[in-house]
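The values are calculated or read from the model by the stated rules, or taken from the named source; none is laboratory data. This is a predicted model, so every value here is computed, not measured. Cβ placement follows ideal geometry from the backbone for every residue including glycine, while neighbour counts extend to all protein chains displayed. The accessibility values were calculated without ligands, DNA or RNA, using every heavy atom of the protein model including side chains. Shrake-Rupley method; radii C 1.70, N 1.55, O 1.52, S 1.80 Å.
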Amino acid sequence: MSTNSKIQIKGLWLEELEKILSSWEEKPYRVNQLATWIYNKGVSDFEQMTNLSREFRQKLAASYTLSTLKLIKTQNSLDGSTKFLLALPDKETIESVLIRDKGKNTICISAQVGCPLGCLFCATGYMGYKRNLTAGEIVDQVLQVKPYINRGEILNNVVYMGMGEPLLNYHNVTKSLKILTSDFGVCISPKRITLSTAGLVPQIYHLADEGVKVKLAISLHAPDEELRKKLMPVTNKHSLKDLLAAAKYYAKQVGHRVTFEYILIKGVNDSEKQAMQLARLIANIPCKINLIMYNPIPDAPFERPALEQAQKFREILYPRAPAVTLRISKGVDIAAACGQLKTKVYKKQKGIDFSKLVTPPVVHRF
Ligand code: SF4
């Protein structure tokens, strides 16, 4: 992507930088120096690349730009999270979040502007889809947010859980993973990166064989095919059965268990019976389950369940499921969940009868 006829250099990786440098007859070792300045040191001006010759810096500045994202505003949550609204060169906006939790810092990044998958509980799903982010725009979110980490603390995790479905932007996302994990890049261990997907089965298999070995989180959110189809239309294309087989393959191939994310929505998927169904569904898959209390969207028809109900759900699941955590969403007061930062005004999707999603109360019997 170019800005005012200059090409964005962020997002280019070693082999692409190598091509530029060899056409300028620069020494090959300059490639690593350049990558380190762009991604590791995160400088905003070619002039700051002080170990490159002045002539080389001027050549770079004449053809390339280092800027991809512009910070529009930040908003702090009472629990310490900060959300960032960032503008892209084409004036579209995306969101990133810095989640601070007991001295640990996680940056949540977006992979697309909007999202075409239309999950019913998700603010981004109501925005529709605009475009994929470039690898540079994905990486730059980490570079822009990192300086906001408290002095003396480090970046612990990066999660692809912001706007968009990362596996629909497979090429740019896998390229951004290489940049984030390389020594010449942002230098984050793959074990500290989690990619979250709504369940694109072929791409899960590709990612398992890609060799990047990041953690995989799968948004499950329903213990049966029928409810999942209603909540997550992607299930019409990729069945729950195929998704679970892909999850099992990923865990085996990459060597660590997958995480199933399950947003608890009052009266929709939070009954004791559904907890039992969920336990049966994921049996035999090396996994852990993250239960997340629904983060309300303004005017949305869904509600957050009572903490008591969520705890009951968790108690039924564990120890039937190997590891279960119950997470109260961070940034509730600033609506920091996926896409909720951008879409303050909830847009009602036409033709959906939300009342049909609410299940009658279930009496649980053992
Ligand atoms: S939950 Fe993720 S996949 Fe579903 S609509 Fe939102 S951004 Fe897209």
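One table, with the values for the structure above:
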{"read-out": "Among Ile99, Ile292, Ile328: highest mean-square fluctuation, GNM of the chain, C-alpha pairs under 10 Å", "value": "Ile328"}
{"read-out": "The stretch 158-250 - percent relative contact order, Cα under 8 Å, separation 6 or more", "value": "27 percent"}
{"read-out": "Protection proxy ranking, peptides 57-66, 32-41, average beta carbon neighbours within 10 Å, highest first", "value": "32-41, 57-66"}
{"read-out": "Dipole moment magnitude, nearest 20 debye, the chain about Cα centre, only Lys, Arg, Asp, Glu C-beta charged", "value": "480 debye"}
{"read-out": "Per residue, in Å², the accessible surface of the stretch 219-282 once ligands and nucleic acids are set aside, probe 1.4 Å", "value": "39 Å²"}
{"read-out": "Surface share of carbon and sulfur [accessible, 1.4 angstrom probe, percent] for the chain", "value": "52 percent"}
{"read-out": "Beta bridges per DSSP with both ends in the chain, % antiparallel, nearest 5", "value": "45 percent"}
{"read-out": "Residue among Gly199, Phe302, Trp13 farthest towards the positive dipole end of the chain, charges placed on Cβ", "value": "Phe302"}
{"read-out": "Ellipticity estimate at 222 nm from DSSP helix runs (n ≥ 4, -39,500 (n - 2.57)) divided over the chain, nearest 500", "value": "-8000 deg cm²/dmol"}
{"read-out": "Net charge contributed by nearby residues that have their C-beta within less than 11 Å of Arg304 (K/R +1, D/E -1)", "value": "-1"}
{"read-out": "Average accessible area per residue (Å²) across the stretch 26-174 - probe 1.4 Å, nucleic acids and ligands excluded", "value": "42 Å²"}
{"read-out": "Cα gyration tensor shape for the chain, rounded if a/c is under 1.5, else prolate or oblate", "value": "prolate"}
{"read-out": "Listed residues His238, His256, His171 arranged by accessible area, highest first, probe 1.4 Å", "value": "His171, His256, His238"}
{"read-out": "Global geometry of the stretch 78-145, whether rounded, prolate or oblate, following the gyration tensor of its Cα atoms and the 1.5 cut on a/c", "value": "oblate"}
{"read-out": "Highest average packing first - 277-284, 102-109, 137-144, Cβ atoms within 10 Å", "value": "137-144, 102-109, 277-284"}
{"read-out": "Positive dipole terminus of the stretch 143-224, leading residue within Tyr160, Val173, Leu143 (C-beta point charges)", "value": "Leu143"}
{"read-out": "Percentage relative contact order, the chain, counting C-alpha pairs under 8 Å, at least six apart", "value": "15 percent"}
